[in-house]
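First up is the structure itself, then whatever we jot down about it.
What follows draws every value from the coordinates through simple rules; no lab data is involved. Computed from a predicted structure; not experimentally measured. Positions of Cβ are generated from backbone atoms using ideal geometry, with glycine treated the same way; all protein chains shown enter the neighbour counts.
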Ligand SMILES: [Fe+2]
Ligand SMILES: [Fe+2]
């Protein structure tokens, strides 16, 4: 991979300015997400699960602090300091990942009857924590993936996340909201299809990693992500205005909207590098 390429993942020779900027961008986004996961998990526990509630609250405070620290730094902060901060945050992300997997185990062995978090949701938030910790490791090691690999991997990751979101929305809307439940189910099917396509492209690597195929892949995904993002925004507004019946927390509606928006930004960044770059690696 060429060191002069400055894409999201494709720069091996990360300059220190870029390293600081990318690190802070990831941490500001994902620390808030991790903080909110702690809240959602806590809300899903039963009143008697005091130990789990306490653990969730501790993670909430931890990621709130991390978020504040990330906002107190700026692009001029010493890269060494950011490197240490990345390690600390990576440890926190690893710990919340372990906590989420523990909760998943308790649910799947029927130790929390009546609790309100779907197993797939707990698995989903653990995958997001794992993604976050791996990004921090990559940043600190300075060896990021080649652009074509990063394009396929990120899309496989985020398409599944989007497919899950559509399923959660469909199941947390009141069953009497028939039209909206239908829309959510259609998005779920659409993203399942896109995910299978992405996995097919992945299995055809490296032969599938041509600029025209990757470009078309990004364009096709973008159309669906943009429309899911708009649906989430509408749902969020309707929930905030108390216009629809659901058990979706308004913050959860906003949370999944932000994740779709993040995926769109990543697609656009990849697209710019794919079509703008003259020397693409094979
Ligand atoms: Fe999330
Ligand atoms: Fe998510």
- Note on the structure: Dividing the mean separation of Cα pairs under 8 Å (6+ apart) by the residue count of segment 1-145 yields a relative contact order in percent of 33 percent
- Query: Calculated from DSSP H runs of 4 or more alone, at -39500 (n - 2.57) each and per residue, what is the 222 nm mean residue ellipticity of the chain, nearest 500?
  - Reply: -27000 deg cm²/dmol
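Using the alpha carbons of the chain, what is the convex hull volume per residue in cubic angstrom, as a whole number?
Hull volume over Cα atoms, normalised by residue count, gives 132 Å³.
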- Assertion target for 29, 63, ordered by fewest C-beta neighbours within 10 angstrom first, is 29, 63
- Message: Viscosity 0.890 mPa s, temperature 25 °C: give me the Stokes-Einstein translational D for segment 146-282 in µm²/s, with Rh taken as the Kirkwood radius over C-alpha pairs.
- Response: 157 µm²/s
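Relative contact order, percent, of the chain when contacts are C-alpha pairs under 8 Å separated by at least 6 residues?
Working: 308 pairs, mean separation 57.4, N = 282.
After rounding, I find 20 percent.
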- Item | Alpha-carbon spread of segment 1-145, three principal axes, descending order, Å | 54, 31, 17
- Before anything else, pin down the relative contact order of segment 205-282: Cα pairs under 8 Å, at least 6 apart, normalised by residue count, whole percent. 41 percent
- Item | Alpha carbon centroid spacing (whole Å) that separates segment 212-266 from segment 49-64 | 27 Å
